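Take a look at the structure below.
Just so it is clear, none of the values below were taken in a lab; they were calculated from the coordinates. It should be emphasised that the depicted structure is a prediction, and the values quoted were computed from it without experimental measurement. Methodologically, a virtual Cβ is constructed for each residue, glycine included, from the backbone with ideal geometry; neighbour enumeration extends over all protein chains shown.
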Amino acid sequence: MQQKLTLVQQEVNKVIKGKEAVVEKVLAAVIAGGHILMEDIPGVGKTTLATTFARSMSMDYKRVQFTPDVLPSDILGFSMYNAQTKEFEYRPGAVFCNLFLADEINRTSPKTQSALLEVMEEGTATVDGVTRPLPDPFVVIATENPYGSSGTQMLPESQLDRFMVCLSMGYPAHVDAVQILKGNALNPVSTVSAIVSADEVRALRKSTNDMYVRDEIYEYIVNIVEATRASELFSMGASPRGTIALLRMAKAIAVIDGRDYVTAEDVQRCVRDTLGHRTKLSARAKAQGMTSEQALWNLLTMIPAPRI
């Protein structure tokens, strides 16, 4: 299976140039059964990344461009009266797929944003008092532009906490930008091959979740999360859900690397992406000009890592 995961990354990297680290983190989040928030400027390939992953992992893919007039019924579905049968029939919404792309999620109303809370946490959608399960696997990839605040609604902490990781792609390097130009006319997304099936993704998730982890790693993860709550660098620490997300991401990184055990390095590689959006910098840290990444790194340097 490790060989197939490597092939998935290679297929995505054919289209997304120079972002191997981001591709690996997205793959890890999918394996770990989590959702991804892509926070970046427009035009860096966030939508293309989601489409490419859907193709390479045989996922049914749907996209909704979030605007102020998008309703919860567009996301979850609605019941329509059938004059012939004289009964109400349910019409599924856009979330009934394997990979749901919520494009510019911060440009819709809080009511529509909250429609995704149950979907992301429980994997179900409730309409008219009836709860329906979503397809398995189910992944949400949401995008937002952190720089354009006009006409946007900030995501509440309760929703941010439901994203396993928050990633940023950033501008491509010069060499990668040249490669993007060369491959643009070839429409490389259409050349992406399906590497793994939905059944294999489900089996991979189960084996990852069942991976044995030593007690020292559990203690290390809890120490890191508790440090965010006690540190003067943060005004809000990470939640217990963040602890679970950090463990699951570390397991997925180990699987991608072909190991059946988790190391402290696996945990460290995931700290920024899993805890950065779950914490808030204190006024003191902001006054010192620190970023969230720098504050988390300072914490890591003060917590002894176990040797496995």
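Tabulated data
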item: Alpha carbon convex hull of the stretch 56-155, volume per residue in cubic angstrom; result: 113
item: Selection from A250, A227, G289, by position along the positive dipole direction of the stretch 211-302 (Cβ); result: G289
item: FRET efficiency for D210 and E121, using Cβ-Cβ distance with R0 set to 22 Å, rounded to 0.05; result: 0.55
item: DSSP-defined beta bridges in the chain - what % are antiparallel, rounded to 5; result: 45
item: 222 nm mean residue ellipticity, helices alone, for the chain (DSSP H n ≥ 4; -39,500 (n - 2.57); rounded to 500); result: -14000 deg cm²/dmol
item: Convex hull per residue volume in Å³, alpha carbons only, for the stretch 150-233; result: 273
item: Evaluated at q = 0.09, 0.15, 0.18, 0.21 Å⁻¹: base-10 log I(q)/I(0), Debye formula over Cα of the stretch 159-285; result: -0.38, -0.87, -1.03, -1.16
item: At 1.306 mPa s and 10 °C, Stokes diffusion of the stretch 211-302 via Kirkwood alpha-carbon radius, µm² per second; result: 119
item: Long pairs among K206/K280; K46/K182; K46/K286; K19/K286, criterion Cα-Cα beyond 24 Å; result: K206/K280; K46/K286; K19/K286
item: Cβ-based exposure ranking for D260, D136, in which fewest neighbours within 10 Å come first; result: D260, D136
item: Options (1) 15.7; (2) 18.4; (3) 17.3 - which one matches mean projected area of the Cα convex hull in nm² as calculated here; result: (2)
item: Average Cα contact separation per residue, the stretch 141-269, under 8 Å, 6 or more apart, as relative contact order %; result: 23
item: The chain, relative contact order in percent, only Cα pairs under 8 angstrom and at least six apart counted; result: 22
item: Relative exposure of R272, R278, R91, R259, judged by other C-beta atoms within 10 Å (fewest first); result: R91, R259, R272, R278
